[in-house]
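S.K.: Before anything else, here's the structure in question.
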Amino acid sequence: MYRFNNPLFSELLRLRNEMNEAFGNHCVSYSSRYSYPYTNIYSNEEGYKVIVSLPGIDPEKVNINYLKGALTISGEKPLDTLKDKNYIRKERIYGTFSRTLNVSDTIDPDSIKAEYKDGILTITINKAEEAKPKKININ
């Protein structure tokens, strides 16, 4: 991929790593990491399925909102509360997160269902009847 062969990208990555070392990785949070939470979206004739990885997050701390084609997933993962704070390495992220996904405005908002199991949030969204493909018979 282009970004890994780009010298500027390599230099920025090195600088970020040095900053994390200097501040003990305390500046790393969800909002500073790529696009978190990590998400897959599947589509078929009936609708959409959104699979979201939220390991270690209490589902009570997760909010899901839909408005005009935008599905927003937000919440918070608390900071680890270990008694011994002498970290050698700290890579687990914490803090608030918010992710907005554009699905479609031709869905049935009343059909949105969410399930959480083993750190995986699954959101099922049905398309509105007028958005589903119609089979046309030939006479």
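The values are calculated or read from the model by the stated rules, or taken from the named source; none is laboratory data. Computed from a prediction, not measured in an experiment: that's the story for all the values here. Neighbour counts run over all protein chains shown; Cβ positions are idealised from the backbone, glycine included.
S.K.: I'm told Ser74 meets every condition in (1) within 27 Å of Glu46 (Cα to Cα); (2) touching a helix residue (DSSP H, G or I) at 6+ places or on another chain (Cβ under 9 Å); (3) in a strand (DSSP E or B) except one. Can you identify the failing condition by its number?
M.R.: Among (1) within 27 Å of Glu46 (Cα to Cα); (2) touching a helix residue (DSSP H, G or I) at 6+ places or on another chain (Cβ under 9 Å); (3) in a strand (DSSP E or B), Ser74 violates only (2).
S.K.: Related question: Could you list, in sequence order, all residues of segment 104-139 that are more than 14 Å from Lys49 (Cα to Cα) and of a type in the set (A, V, I, L, M, F, W, C)?
M.R.: First, pick out the residues of segment 104-139 that are more than 14 Å from Lys49 (Cα to Cα): 105-106, 110, 117-119, 128-139.
Residues satisfying the conditions are Ala128, Ala131, Ile136, Ile138.
S.K.: In addition: Given the options Ile93, Ile123, name the one that is at pLDDT 85 or above and among the hydrophobic types (A, V, I, L, M, F, W, C). Steps first, answer last, please.
M.R.: Working: Ile93 fails: at pLDDT 85 or above.
On inspection, the qualifying residue turns out to be Ile123.
To keep it simple, each residue is scored yes or no on (1) part of a strand (DSSP E or B); (2) surrounded by 15 or more Cβ atoms within 10 Å (Cβ to Cβ).
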{"position": "Asn65", "(1), (2)": "yes, no"}
{"position": "Thr100", "(1), (2)": "yes, no"}
{"position": "Asp105", "(1), (2)": "no, no"}
{"position": "Asn126", "(1), (2)": "yes, yes"}
{"position": "Pro133", "(1), (2)": "no, no"}
{"position": "Ile136", "(1), (2)": "no, no"}
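S.K.: Would you confirm, using the coordinates I've provided, whether Lys85 is more than 29 Å from Glu18 (Cβ to Cβ), basic (Lys, Arg) and either free of Cβ contacts under 8 Å to residues at least 60 places away in the same chain or not in a loop (DSSP other than H, G, I, E, B) (or both)? Full working, then the answer.
M.R.: Values: more than 29 Å from Glu18 (Cβ to Cβ): no; basic (Lys, Arg): yes; either free of Cβ contacts under 8 Å to residues at least 60 places away in the same chain or not in a loop (DSSP other than H, G, I, E, B) (or both): yes.
No.
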